[in-house]
Structures are given as structure tokens and as C-alpha cells.
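The next block holds one structure in the form of C-alpha cells; read it before the comments.
No lab work stands behind these numbers, since they all come straight from the coordinates. Remember, predicted model here, so these are calculated numbers, not experimental data. So basically every Cβ, Gly included, is an ideal-geometry build from the backbone, and we count neighbours across all protein chains shown.
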Amino acid sequence: MQATADSRIHANGAIAVIFAAQHSGRDASGYAEMAAAMDALAARQPGFLGMDHAGGADGFGITVSYWSDDASARAWRDNPEHRAAREAGRDRWYDRYTLHVARIERGYAWP
């Protein structure tokens, strides 16, 4: 698991994009390369606040990315490199996925 420590992700009104996916098990090295590239690309996008990842041995994983506002989350969705990665994911790396977008009403961190 990789987690953010940025307190801005708990800001009221921030946007959480929740991506839950079952990996196909195909092309694991290609997936790892693309995932690292997308993490780095997201971090450079205006409005990016942070990201959390968790995954199990069964190939199920969840990534939550946090954005300052809805416009920033939509700009990430529409980024051409991210769009190409999504298409590759559908073709190769995922058996299925769900994506939800939520506004953060309240958040807490410890310590």
C-alpha cells in the first residue's frame, strides 16, 4: 500500500476519484510501468492533492486520487496520456473496474 500524508486531501470540498479494479494478470511489467508513469503524470497536474493505493494478492486494487476541485478531476480524466492509458487498461490490464467521484465533506488524519 502507498499512502499520501498531505493534509490538503481532507479539505472540505476536495474531490476523491475512487478507482477499484480487478487486474487481469496479463503483462504485469507493462502494467507496472504504466502505473508508475500515470502516478507521476497525475502528480504534475494542476489541482492534484495526493493519492492512495491498496492492492491484494488476488489482483484486486483500489486507487483514490484527490483533487482540489471538480474541474481538476475532469482535466485529469481528459488528459490525452491518461486517456490512452485507460484504453490500454481496458484492452490488457483489467478484467473489470468501477470508478466513483465523490466530494469530501469531512476528513481526518492521524497522527
Counting only residues 5 or more apart in sequence or on a different chain, those whose built amide H sits under 5 Å from that of Y94 are S24
At the level of C-alpha centres, the distance separating segment 37-111 and segment 15-32, in angstrom, is 10
Tilt, helix 28-43 to longest principal axis of the chain (alpha-carbon atoms), in degrees rounded to tens, equals 20
The relative contact order of segment 7-103, taking Cα pairs under 8 Å that sit 6 or more residues apart, comes to a percentage of 48
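Could you order peptides 54-61, 89-96 by the average number of other Cβ atoms within 10 Å of their residues, highest first?
Ranked by mean Cβ neighbours within 10 Å, highest first: 89-96, 54-61.
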Placing each pseudo-label 7 Å from Cα in the direction of the beta carbon, W110 and I62 end up separated by a distance in nanometres of 1.8
